[in-house]
Structures are given as C-alpha cells and as structure tokens.
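Q: I'd like to ask some things about the structure below.
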Amino acid sequence: MVAVSKNGPALRKNRKINVPFDFVFPTNPEYRAKILEYIEDLGSADIQGVTLNICHFPDEECCVCPRCVDLWLQSGLNWTDWRAQIITGFLKEAKNLVKNTFAVQMFPDQVLAKERFGIDFEAIAPLVEYFHVPLSSRDYFTNYWVDLLARDFL
Ligand SMILES: [Zn+2]
C-alpha cells in the first residue's frame, strides 16, 4: 500500500529519503476506492464542503512499485505527465462526488510541483474553489517548506 522509491518505502522512518508524511496514495485501487467512498458518504452530511489533504506523490521518484510502473508504461506518457494525470484524474473523480465546495491542500511549490509531486496547478485550478496552502507554526516539526525552498533554489 505504501508508495515506493528506489531507496525504499515513502515512510518517515525511512532515512534514505526525506518525506514529511507516510504516503499511500495514489494508485492503490483499494485506497482510492475507500477515499472516494468516504467522500461520497460526506455528501449526505450537513457540511459546507470537502478539502482533500496531501493528494499527491511523495516525490519525483515515487512510485516505482510494479503497479505504478505498469500503469505508466501503458499510458504512453512521460513520467512527469503520467504522474500529473494520476493526481488530476483522482481529483476529478473526487470533485464529481462533492455537491458543494471542493478544495485541495497542496504544497505551494512554484517551481517543481509537477515534477516532484505530480501537482499540475493549471489542470487542478478549474476543479477547486481554492488551494489550501499549509503553513506551519514555528514549533511544528513538519517543515516541508524548507525542503521545497532548498530544492527550488538548487
Ligand atoms: Zn506505486
């Protein structure tokens, strides 16, 4: 279920890679179905909308599990475009299940979002009411933005 890189699973405890969270998404069919089922159930609740959190790949070399590599090869797309299509496609499916406000939380990487995370802001923007940009307090240890800035400058 966990996304995989050539240096092992996309888990915080894997010190060969640097990921701020443990990542399951996005091509595991059972996981996708569960999330979509949950979103559909929310449709009967009295809520203002749905904001999905961290719906993207952990980093540019993920995911290289056999399922993802097969899907990528079947797509005929390059690696970056295929990964963006996976993310945008999932968000389209999710949006179709939401009756009111739909939004996503995304890393605000202006330079490498598509290459690293499969986030295609241009393609996702028409699907959402807004992008929720996660900002961390000074005592929050998940300082993902330090990694974003360092990579973007590099
Ligand atoms: Zn995979």
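Q: Select, from 40, 30, 61, the only residue that is within 26 Å of residue 16 (Cα to Cα) and out of contact with any helix residue (DSSP H, G or I) (no Cβ under 8 Å at 6 or more places or on another chain).
A: 61
Q: Applying the selection to segment 13-44, what residues are open to solvent by 60 Å² or more (accessible area, probe 1.4 Å), among the basic types (Lys, Arg) and either within 18 Å of residue 87 (Cβ to Cβ) or at pLDDT below 90 (or both)?
A: 34
Q: Of 135, 148, 154, which residue is open to solvent by less than 40 Å² (accessible area, probe 1.4 Å) and among the aliphatic types (A, V, I, L, M)?
A: Checking each option against the conditions leaves just 148.
Q: Which of the helices (runs of 4 or more DSSP H) found entirely inside segment 55-149 contain at least 3 residues meeting this: within 20 Å of residue 6 (Cβ to Cβ) and within 16 Å of the ligand (Cβ to nearest atom)?
A: Filter on segment 55-149 gives 66-75, 79-95.
Q: Go through (1) in a helix (DSSP H, G or I); (2) of a type in the set (A, V, I, L, M); (3) within 16 Å of the ligand (Cβ to nearest atom) one by one and return the number of the condition residue 36 breaks.
A: Every condition holds for residue 36 apart from (3).
Q: Please identify the pairs in which a residue from segment 45-74 that is open to solvent by 50 Å² or more (accessible area, probe 1.4 Å) has its Cβ atom under 8 Å from the Cβ atom of a residue that is within 16 Å of the ligand (Cβ to nearest atom) and assigned to a loop (DSSP other than H, G, I, E, B), counting only partners at least 6 apart or on another chain.
A: That search, which allows pairs on different chains as well, returns 61/6; 61/7; 64/6; 67/27; 67/28; 71/27.
The values are calculated or read from the model by the stated rules, or taken from the named source; none is laboratory data. As the structure is a computational prediction, the values presented were derived from the model and not from experiment. Neighbour counts run over all protein chains shown; Cβ positions are idealised from the backbone, glycine included. For accessibility, only protein heavy atoms count, side chains too; no ligands or nucleic acids. Shrake-Rupley method; radii C 1.70, N 1.55, O 1.52, S 1.80 Å.
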